Amino acid sequence: MIDSIRDFNLTIESGKIYGLVGSLGSGGWLLSYLLAGRDTLFSQDLKLSNSQITIDGLPANNELLKSISCYIGEGVAEIPYKKFNSYPSKLTWKIRKIKTVADQILEGIARSENTLTLHEIAILFELTGINEPGRIYSPLEFNSGERWRASLAIGFAFQKKLFCAPWIEPHGIEYILSEHSRKYLKILQEAGAAIILPVSNEKY
């Protein structure tokens, strides 16, 4: 993996989608993870101490990357991937202060002064249950196949400028790049966001 990304340079521009082409373990997923601020940059374990990520010419740290990035499939205002048995009922959601998709979108609107409403963002990303107690009022992990676009909607509400995908082949990447789902990526592009997708083949 280290050999695969040695001497690697990439300039990311707003409004563009980037496919990081390489087999699983070749470093694309790692780079996407780092850009999302999900790990300590260039730790000794990674042996990348001579490398650098900059934003507008200035060195970036994890906190800065987290402030501009959304890791696709996860939330922004909540620690992601809690086990389902961590909150089996709405009562435990409240006791443990688990945020729903709607909660996170509303927090994003408030923090970023996004001019759109919860209802408008839900319509843009075709989230279900906005007019009744549906998926949007559940934690992200309960959104099943809708989780991907719900995550994009949360990042959009926070006005994130960089969306980084995990390794989600084969089914996840086919869903995100399908003719139906490309419109969600278009929304992000038009908002000035860049998108990073680790993929195994140039066909994507």
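For residue 195, which sequence-distant residues (separation of 5 or more, or a different chain) have an amide H within less than 5 Å of its own amide H, given hydrogens modelled in the peptide plane?
Here 16, 17, 18, 163 satisfy the definition.
Which parts of the stretch 94-129 would a label at residue 190 reach, counting a residue when its backbone N lies under 11 Å from a point 7 Å out along Cα-to-Cβ?
124
Restricting attention to the stretch 144-204, which trypsin sites (Lys or Arg not before Pro) occupy a DSSP loop and are surrounded by at most 16 other Cβ atoms within 10 Å?
For trypsin sites (Lys or Arg not before Pro) across the stretch 144-204 that sit outside H, G, I, E and B with at most 16 neighbouring Cβ atoms in 10 Å, the list reads 203.
Taking 24 Å as the cut-off for C-alpha to C-alpha distance, list the pairs among 160/183; 97/186; 99/186 that go past it.
97/186; 99/186
Counting other C-beta atoms within 10 Å, and keeping those with at most 15, which DSSP coil GluC sites (Glu not before Pro) do you find in the stretch 94-140? Walk me through the intermediate numbers first.
Values: sites: 107, 113, 120, 126; in loops: 113, 126.
Those that pass, being in a loop and sparsely packed, are 113, 126.
What residues have an amide H closer than 5 Å to that of residue 21, excluding those fewer than 5 places away on the same chain, when H is modeled at 1.01 Å from N in the peptide plane?
Amide H to amide H, under 5 Å and 5 or more residues apart or across chains, residue 21 pairs with 199.
Given points 7 Å out from each Cα along the Cα-Cβ axis, report the residue 202 to residue 64 separation in nanometres with one decimal.
With each label placed 7 Å out from Cα toward Cβ, I get 3.4 nm.
Where a number appears in this text, it was derived from the coordinates with a stated rule and is not lab data. As the structure is a computational prediction, the values presented were derived from the model and not from experiment. Neighbour counts run over all protein chains shown; Cβ positions are idealised from the backbone, glycine included.
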